[in-house]
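Read the structure below first, then the notes.
The values are calculated or read from the model by the stated rules, or taken from the named source; none is laboratory data. Every value quoted in this text rests on a predicted model; they were computed, and no experiment measured them. When we count neighbours, we look across all protein chains shown, and the Cβ atoms used for this are built from the backbone with ideal geometry, even at glycine. These area figures cover heavy atoms from the full protein model, side chains too; ligands, DNA and RNA do not enter into them. Shrake-Rupley method; radii C 1.70, N 1.55, O 1.52, S 1.80 Å.
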Amino acid sequence: MNDSTPASYFTGMYADAPDPWRLADRWYEHRKYTLTLASLPRRRYRRAFEPGCSVGVLTRMLAGRCEEVVAADRVATAVEEAAARTADLPHVRVRRMAVPEQWPEGSFDLVVLSELLYYFDDERLDLLLANTVRSLEPGGTLVTVHWDHEVPEHRLTGSQLAPVLEARAGLVPGPGFRDPDFVLGTFTRPFADGSLPPTSAEAEGLV
């Protein structure tokens, strides 16, 4: 598959079920989300962006670590589900948005790309990563998590995406986690002088 996954695939999935991937009730998803949060080097973040938020299960979990969360999905029913799931959290905003052509204004110190990048062709993947680096604040964190098995609608597996991300200019690879079923990676945008923010232990004076 060379082209991006068509929009009709996603609208069709949500037409059949409000949570087509069962993100809210599968132990696999809960464990993966817990590991995603555990990989974040900072206790708190100022402003996070989560494109492809689906029904907002991870969005709600991120809200506990962030002062503000901007979540987005291209499918209207998914946006409605995510907005309902986070309705009691005033610092969470859920928007209908088709990345990478659409992108929120402002900067973020956390961007979460979860189960998203394998849907895009090379040109749109490059644009999405360019937008990510541009909007990520110096010292900010990018976390990526992707299924590592072949799927007809996915152009790449998590293992195939890993070197693309690691080679991306403007991002410094950090710790990751390779599960038999998914690949998780963390990345930092360095400061202008090339330095990186302190590690969790350094920030608390342990080293």
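I'm checking my understanding of the structure. Among residues of segment 117-135 that are in contact with an Asp or Glu (Cβ under 9 Å, 6 or more places away or on another chain) and hydrophobic (A, V, I, L, M, F, W, C), which one is least open to solvent (accessible area, probe 1.4 Å)?
Looking at the filtered set, the residue picked out is Phe120.
Could you check, for segment 43-56, whether at least one of its residues is part of a loop (DSSP other than H, G, I, E, B), exposed (fewer than 13 other Cβ atoms within 10 Å of the Cβ) and among the aliphatic types (A, V, I, L, M)?
no
Checking Val111 against (1) more than 15 Å from the chain's Cα centre (by Cα); (2) not in a loop (DSSP other than H, G, I, E, B), only one condition comes out false. Which one?
Status for Val111: all satisfied but (1).
May I ask you to list pairs of residues, at least six apart or on different chains, whose Cβ atoms are under 9 Å apart, with the first in segment 160-182 being more than 19 Å from Phe120 (Cα to Cα) and small (Gly, Ala, Ser) and the second being modelled with pLDDT of 95 or more and in a loop (DSSP other than H, G, I, E, B)?
Gly170/Arg189; Gly170/Pro190; Gly174/Pro41; Gly174/Leu196
Within segment 17-35, is there a residue that is of a type in the set (Asp, Glu), more than 24 Å from Leu125 (Cα to Cα), part of a loop (DSSP other than H, G, I, E, B) and open to solvent by 40 Å² or more (accessible area, probe 1.4 Å)?
Within segment 17-35 (the criterion being of a type in the set (Asp, Glu), more than 24 Å from Leu125 (Cα to Cα), part of a loop (DSSP other than H, G, I, E, B) and open to solvent by 40 Å² or more (accessible area, probe 1.4 Å)), the answer is yes, since at least one residue qualifies.
Of the conditions (1) among the small types (Gly, Ala, Ser); (2) in a helix (DSSP H, G or I); (3) without any contact (Cβ under 8 Å) to a residue 24 or more places away in the chain, Ala87 satisfies every one except a single condition; which number is it?
So the condition that Ala87 fails would be (2).
When both residues are 6+ apart or on different chains and their Cβ atoms are under 7 Å apart, which pairs have a first residue that lies in segment 136-148 and is closer than 14 Å to Asp181 by Cα and open to solvent by 10 Å² or more (accessible area, probe 1.4 Å), and a second that is among the aromatic types (Phe, Trp, Tyr) and part of a strand (DSSP E or B)?
Trp147/Phe182; Asp148/Phe182
Say whether the condition of being open to solvent by less than 10 Å² (accessible area, probe 1.4 Å) and over 20 Å from Lys32 (Cβ atoms) is met by at least one residue in segment 85-98.
Scanning segment 85-98 turns up no residue that is open to solvent by less than 10 Å² (accessible area, probe 1.4 Å) and over 20 Å from Lys32 (Cβ atoms).
Restricted to segment 176-207, and to residues that are assigned to a loop (DSSP other than H, G, I, E, B) and touching a Pro at 6+ places or on another chain (Cβ under 8 Å), which residue is most open to solvent (accessible area, probe 1.4 Å)?
Ala192
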